[in-house]
Amino acid sequence: MKSKSFSNWTSYLYPAPALIMVLAFLVAPVIFVIFASFTDWDLLHPMKFVGLKNYLRIFTDPYLIISTRNTLIWVAMILLVPMLLGLLFAVFIKNIWFSNRMKTIFYIPLAISGAGIGVIWRWIFLRAGFLNAVLVSIGILGEPISWLLKIPENTFAMIVASTWQITGLNMILFLMGLQNIPTEVLEAAKIDGASEWRTFTSIILPLLKPITTIVVILNIIGSFKVFDIIWIMTAGGPARSSETLAVSMYKESFGLFRMGYGASISVVLSLIIFVIGIGYLRMVGRENR
Amino acid sequence: MKKLFIWMLVVMFSASMLFLGIGCKKEAVAPAEEEVTEEEAPVEEEVEEAAPVEEEEVREDFSELGPLKLSTDKPGWQDGWDAVFAGFKEKTGIDVEMTGYTEIDTYIAAVKTGITTKEGPDVFTWWSNFKIADLAKEELLADISHLYEPIEGKYNPGILDSFSYDGIVYGAPVLIASWIMFYNKPVFEKYNLEEPKTWDEFISVCDTLKENEVTPIGFTIGGGWTSFFWFQQLLATNYPDAYYDICEGRKSWQSDEVKETFELWKNMFEKGYFSDPGIDLGNDLPPMFAKGEVGMTYCGDWFTSFFDAVELVGGTDYSMFVIPPYLEDRPKTVLYEAGPIVISENAQHKEAAEMFIEYWLSDEGQKIWSDTMNFISPRADVSAENLDPVKQKIATDVFGDPNAQLIVRFWEATLETITMPACASFDKFVLNPDSYVDVMAELDDMSSAAWEEFEAK
């Protein structure tokens, strides 16, 4: 009996290091951020409890309203463009002889950091950058455009940069999904005389649902927390016009040192991602049942 | 047997954790040691070289008071830091361990959290006026007024005011930079232009450059913080009292002086004097200036380091002038920024920190810093003769001119919670100069809220 209880006790030692790490570096900071979001913490003065003031401010702060709008644009565009492109590329390169090389080519941008992507695309979109040089030289533009200073063109320019980075990942995931579709089903459709389009819409797409769920969730989370590309390309400017919620959170916290307010933005952002993520997974689960 | 095995596992786990802990400690210490070794390597050489001269002097060894921990957001000035650290070590035997940050936001956060404890830096570079007041108000900075007593008169009292709060001096100057107009000398010579002495002459220079398809003034809002440049210049040089009143929350941003400033600035935009504001201050502007695509650019005199990067030679390829005020009865007025180095009130090596600041303020410390960095020393008896011709001209025309009125740069003259949001509002104006009335209202609301927040603390 004694030996069993000892054995029970020691069994807790095995996950203990991991548990301590999770508690110290994940759970504790989360609790602290939630606590800080109800205070006016600014790193210098003692924290003062301010109730829901920070949360109420989010809904009246004009810059936060712009950030929220931009974040929604990012989510919508990232769900639309890189996902569709990823699916399209996956379908087209699946059966071509140099598909492995194509996979590598499309995957390379993902190996570059977000900051690196930002630097590359900033150089492309600058007034004296590559894009203007090409467009002016072939006569499409009379004079260069400051893409990163124009609203909302700057947000769309950054979405293009992000699309370049994540399309490869989406493509690889969709390729995995395509490879898992049983060939018998596709052959049966062929024998039944189904056209390529009909096979794609009635067989391939429904069978890709599990992988599509993963791609959608990854893209939603990614677009809500996008920061590095924006920070490098525009730093949220001009006039805070291209900020997303993640950038606003950083600016309020580490630019203006309104840590409490920044914490409240991060809590709201996390809640939005959590609710959308859970909602989407439930919806997919219901459909599958 | 099973019990023994479990015990062995527990012992192994404990041992590995212990080793891990020691390893971490060693790792944590190692970079600092390496950093010091690296930094001090040339020092030792210099000490060895200097030994025959120094042998006669009896030097006390204060090395046990250190090592001094110094943090800075200016790690790029490594040559200057190394030279001063070497001089300080030679004098006192104290090592200096420097931690440099390239990201300013991270630096501020690290300092603000560090200095509330003994774990933070002993000395660190900071910003003047309201930025220094923020920390002094919370009693996080050490009073260094007594270090100025033996050297009274060597430093301009106006500059020391920038480092003071409530009559106490907290900082020693690391950088004193004037905000002046740089111009491309070959371009000016090509179009027979001279340094303007009045606003009309300045406008005439802009017009001539414009007629010859040279963009008169390089200007950017690219990095999110540069849009205040011309607002501060136009308002502060013409209405200095109103400028300070507005910065310190005593006057409305919707006042006539601000309106006139925006209208003047708008007029300059309409005449096409400014470059595309989408260019980058550090990457695009210097090459454009070097190629003569841009004739002039207004910035702090630290901008010469960007000219160095594109191999422009001060005095040959470019020079400077003070922008004349728009109002005729105004004296020569120059915006300046003063960057201090301060001591944390909670410094672990406070005695060493005071010795370091004392050395920094000394004739020797200032000379080493000024010569290595090509910076104008704020200490009156440190000669500018080793500086490049443009810096010498600044030393004479700005800091050496008793009639020149020096005014604190906008960045330091107002609250931290006002500077960045104000830049966002100035961005709006730059993108649409007709929006200035709305921008003024927005600035007024933002400023009122920031002062309310400041006073509530």
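Brief remarks on what is shown
- Distances between placed amide hydrogens fall under 5 Å for B:ILE407 paired with B:VAL334, B:LEU335, B:TYR336, all partners being 5 or more residues away or on another chain.
- Rounded if a/c under 1.5, otherwise prolate or oblate - chain B, Cα gyration tensor axes: prolate
- Cα gyration tensor shape for the protein assembly as shown, rounded if a/c is under 1.5, else prolate or oblate: oblate
- Surface listing: B:LEU443, A:LEU26 arranged by accessible area from highest to lowest gives A:LEU26, B:LEU443, probe 1.4 Å.
- Within chain B, antiparallel bridges make up roughly 60 percent of the DSSP beta bridges whose residues both belong there.
- Working note: Karplus 6.51/-1.76/1.60 with θ = phi - 60° gives the stretch A:256-263 the couplings 9, 6, 9, 4, x, 5, x, 5 Hz, where Gly and Pro are set to x.
- Karplus-derived 3J(HN,Hα) values for the stretch B:331-345, using 6.51 cos²θ - 1.76 cosθ + 1.60 with θ = phi - 60°, are x, 4, 10, 10, 6, 9, 10, 10, x, x, 10, 10, 10, 6, 4 Hz; glycine and proline are entered as x.
- Size of charge dipole - the stretch B:60-185 - debye, nearest 20, with Cβ of Lys, Arg +1 and Asp, Glu -1, no other charges: 480 debye
- Cα gyration tensor, the stretch B:205-347 - rounded (a/c under 1.5), prolate or oblate: oblate
- Here the protein assembly as shown has 61 percent of its accessible surface on carbon and sulfur atoms, given a 1.4 Å probe and all protein chains in place.
- Accessible area in the full protein assembly, largest first, 1.4 Å probe, for A:ILE96, A:ILE140, A:ILE151: A:ILE140, A:ILE151, A:ILE96
- Exercise: per-residue mean of other protein chain Cβ atoms within 10 Å, A:119-127: 2
- Reachable aspartates and glutamates from A:LYS251, criterion Cα separation under 14 angstrom, eight or more residues apart if same chain: A:ASP42, A:ASP61, A:ASP228, A:GLU243, B:GLU103, B:ASP105, B:GLU416
- For the stretch B:369-457, GluC sites (Glu not before Pro) meeting the loop criterion (DSSP other than H, G, I, E, B) and having at most 10 other Cβ atoms within 10 Å: B:GLU385.
- Across the options A:LEU207, A:SER99, A:MET233, the greatest Cα extent toward the positive end of the charge dipole of chain A (unit charges at beta carbon of Lys, Arg, Asp, Glu) belongs to A:LEU207.
- Distance from the alpha carbon centroid of the stretch B:111-130 to that of the stretch B:274-349 works out to 27 angstrom.
- Applying both filters, DSSP loop and at most 16 other Cβ atoms within 10 Å, to the GluC sites (Glu not before Pro) of the stretch B:208-296 gives B:GLU213, B:GLU248.
- Here the dipole of chain B is about 1320 debye; that uses its Cα centre as origin and unit charges on the Cβ of Lys and Arg (positive) and Asp and Glu (negative).
- Centroid-to-centroid, using Cα positions, the stretch A:95-123 and the stretch A:218-280 are 25 Å apart.
- Local net charge near B:VAL430, Cβ-Cβ under 11 Å (Lys/Arg +1, Asp/Glu -1): 0
- For the residues B:MET268, A:MET21, a 1.4 Å probe over the protein chains yields an accessible-area ranking, largest first, of A:MET21, B:MET268.
- To the nearest 10, the accessible area of A:ILE276 is 70 Å² with a 1.4 Å probe.
- Cβ charges +1 (Lys, Arg) and -1 (Asp, Glu), total dipole of the stretch B:159-277, debye: 260 debye
- Under a 5 Å amide H cut-off, with hydrogens placed 1.01 Å from N, B:THR116 pairs with nothing among residues at least 5 apart or on other chains.
- Chymotrypsin sites (Phe, Trp or Tyr not before Pro) lying in DSSP loop within the stretch A:85-171, provided at most 13 other Cβ fall within 10 Å: A:TRP97, A:PHE98
- Annotation: amide H-H contacts under 5 Å for B:MET320 (H modelled 1.01 Å from N, sequence separation of 5 or more, or interchain): B:TYR183.
- Of the residues B:TYR155, B:GLY314, B:GLN254, the one whose Cα sits farthest toward the positive end of the charge dipole of chain B, with +1 on the Cβ of Lys and Arg and -1 on the Cβ of Asp and Glu, is B:GLN254.
- Rounded to the nearest 500, the helix-only mean residue ellipticity at 222 nm of chain B stands at -16000 deg cm²/dmol, with each DSSP H run of n ≥ 4 adding -39,500 (n - 2.57).
- Averaged over peptide B:103-111, the number of partner chain Cβ atoms lying within 10 Å of each residue's Cβ comes to 2.
- Pairs from the list B:LYS74/B:LYS350; B:LYS393/B:LYS428; A:LYS53/A:LYS225 with a Cα-Cα gap above 26 Å: B:LYS393/B:LYS428.
- For the stretch A:230-243, putting each phi into the Karplus relation 6.51 cos²θ - 1.76 cosθ + 1.60 with θ = phi - 60° gives couplings of 5, 4, 6, 7, 9, 6, x, x, x, 6, 6, 7, 10, 6 Hz, in residue order, rounded to whole numbers and with x for Gly and Pro.
- Accessible area buried between chains A and B, both sides summed, probe 1.4 Å, in Å² to nearest 100: 3000 Å²
The values are calculated or read from the model by the stated rules, or taken from the named source; none is laboratory data. Every value quoted in this text rests on a predicted model; they were computed, and no experiment measured them. Heads up, the Cβs are rebuilt from the backbone with ideal geometry, glycines too, and the neighbour counts pull from every protein chain shown. Ligands, DNA and RNA are excluded from the accessible area calculation, which covers all protein heavy atoms including side chains. Shrake-Rupley method; radii C 1.70, N 1.55, O 1.52, S 1.80 Å.
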